[in-house]
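Step one of this worksheet: look at the structure below.
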Amino acid sequence: MPTRQWLRLILVGLGASVVPLDTAVNIGFPDITRSFGLPIQMIQWVVICYVLTYASLMLAFGRVGDIFGHVRVFRAGLAWSVAAFLLCAAAPAYDWLLFCRFLQGIGAGLVISVAPALVTELFPESRRSRAVAAFTMIFALASASGPLVGGALVSLWGWPAVFWFRAPIALVALVFFRGLPSRTGVATHEALDLFGAVLLALTISSLLLFINAAPRLGPGDWQYLLLLPLAAAGAWMFLRREARFPAPIVNLEFFRSQPFLVINLASVLVYLTSFSVLLFVPYYLVRIAGLSLPAAGAILAASFAGTIAASPIAGRLIESIGAGSIALAGAVLGGAGLIAIGAPNVAAFGGTAPMLAALILQGFGVGLFQVGYMDVVLGTIPHHHRGVAGSVAMLTRTLGIVGGATLLTLAFHGVEGSALAAGQTTPAAFLSAFRSTFWAAGLVSILTGLATLVFARNQRR
């Protein structure tokens, strides 16, 4: 690829990296709660305000990019993000920080909705898998870098640094991002379905908020139960609207293809199960293995290293054996890695070397799946809907992660509570729950890959 195209790819990746670099914010949680005098449970809203905003807007922003140009939306997202990062860093009170996180979510939605489409436009369609591989590798690298960079910055300048350090990154990408044609496909004359966008945002935000709140619902939290029927009503109205609107945000015909529907459901399950690594492995490394926080972070980064290593390999293999096969192989390998993480010689007192190997295997499988799955989605949906295609891929990731945070936590604490009630010590109960959760998550991932493979073969007959 010519040098100019590589520079454009780097700039798109640099701009898009401000979204996965949000993992740095997690390191700032203790300092945020201390600075504002908050109980620990209040910190969840720093995540909720951000995730709900960009998740509920991504599909609509992807459609905006398809109509008005991906470059315009991407640059608008970068400019918006620069302002949002600085506002978050300067927030004088917790309420202001939450509002600024909402603003940051808008910027993230604008950036991430069209980033996959922009990356693929740098390559001919025959090399689309290479573009997807590059995007996946950049995303994993930024996700892994966030906690490492965030920890150093918080120790020097406090929690505001986890926000303002991304402003110059977005600004550099914005200033130097030149020369890429602003493709708008064939749909430039079509109108944006604003009412449909509102219904979609209402549906997704209500659903995600309910999933997030479900584990903590108590007798006095009846109002949260209204979120589920609200999400169902919003989904019903949105589907009816899209079926009749001449230029829908999401063409429902795509999802009437059973293979396309199945691979998207598989994506939700793979991301759901793989989130167990970020949820529980840090506790194992600190409580059971006795590692320091920096050492635990370095070991945890092995999963991201596996993803980074798998991405270019997947990009090349797809050109010869197909994206679907790579995705399904990735789901199986990722599941095997999860089972290995929970194996007795790892999830006991066996040291960190077995854990390191298991994490690399798990991350490698996820990397294969990410590249294969995204290539399937981008290849199935027509080119002039590529912004929507990229948004669909990112949305299934978000749904899986939010669902995993709820379901995996419920499963883990259920097993741990039963073990404690049976008389096990706290470390032994933790290990029982750790092992059971990872075995179950790994089995689900493997069965997801195998079931999708069987379904795909039956469809061909």
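The values are calculated or read from the model by the stated rules, or taken from the named source; none is laboratory data. Owing to the predicted nature of the structure, the values given are computational and were not obtained by experimental measurement. With ideal geometry, Cβ positions are generated from the backbone for all residues, glycine too; neighbour counts draw on all protein chains shown.
For this structure, a couple of remarks:
- Identity of the residue in segment 424-443, of a type in the set (A, V, I, L, M) and surrounded by fewer than 19 Cβ atoms within 10 Å (Cβ to Cβ), that ends up nearest to P259 (Cα to Cα): L443
- Test: R127 is part of a helix (DSSP H, G or I) and in contact (Cβ under 8 Å) with a residue 60 or more places away in the chain: yes
- Condition met for L217 (over 30 Å from A327 (Cα atoms), modelled with pLDDT under 80 and outside the structural domain of R63 (by TED's automatic domain parsing)): yes
- Counting the residues of segment 311-332 that are at pLDDT 90 or above and either surrounded by 24 or more Cβ atoms within 10 Å (Cβ to Cβ) or not assigned by TED's automatic domain parsing to the domain that holds A393 (or both) gives 2.
- The residue that is modelled with the lowest pLDDT, counting only those in segment 168-202 that are of a type in the set (V, I, T) and closer than 30 Å to L86 by Cα, is V198.
- Filter result (surrounded by fewer than 21 Cβ atoms within 10 Å (Cβ to Cβ), at pLDDT 80 or above and within 24 Å of A323 (Cα to Cα)) within segment 119-149: L141
- Checking W80 against (1) surrounded by fewer than 24 Cβ atoms within 10 Å (Cβ to Cβ); (2) at pLDDT 85 or above; (3) not in a helix (DSSP H, G or I), the condition it does not meet: (3)
- Taken over segment 263-281, the criterion of being among the polar types (S, T, N, Q) and within 20 Å of A433 (Cα to Cα) is satisfied by T273, S274, S276.
- Test: residue in segment 288-298 that is surrounded by fewer than 21 Cβ atoms within 10 Å (Cβ to Cβ), touching a Phe, Trp or Tyr at 6+ places or on another chain (Cβ under 7 Å) and not aliphatic (A, V, I, L, M): no
- When residues of segment 345-389 are limited to those that are β-branched (V, I, T) and modelled with pLDDT of 75 or more, the one surrounded by the fewest Cβ atoms within 10 Å (Cβ to Cβ): T380
- A421 fulfils the conditions (1) surrounded by 21 or more Cβ atoms within 10 Å (Cβ to Cβ); (2) more than 30 Å from Y50 (Cα to Cα); (3) at pLDDT 80 or above except for a single criterion, (1).
- Segment 409-432, residues that are among the hydrophobic types (A, V, I, L, M, F, W, C) and over 31 Å from the mean Cα position of the chain (by Cα): A419, L420, A421, A422, A428
- So G297, is it assigned to a helix (DSSP H, G or I) and of a type in the set (G, A, S): yes
- Flag if W96 is more than 19 Å from the chain's Cα centre (by Cα), surrounded by fewer than 24 Cβ atoms within 10 Å (Cβ to Cβ) and under 21 Å from A170 (Cα atoms): no
- If the condition is being more than 14 Å from R386 (Cβ to Cβ) and more than 21 Å from the chain's Cα centre (by Cα), then segment 52-74 contributes only R72.
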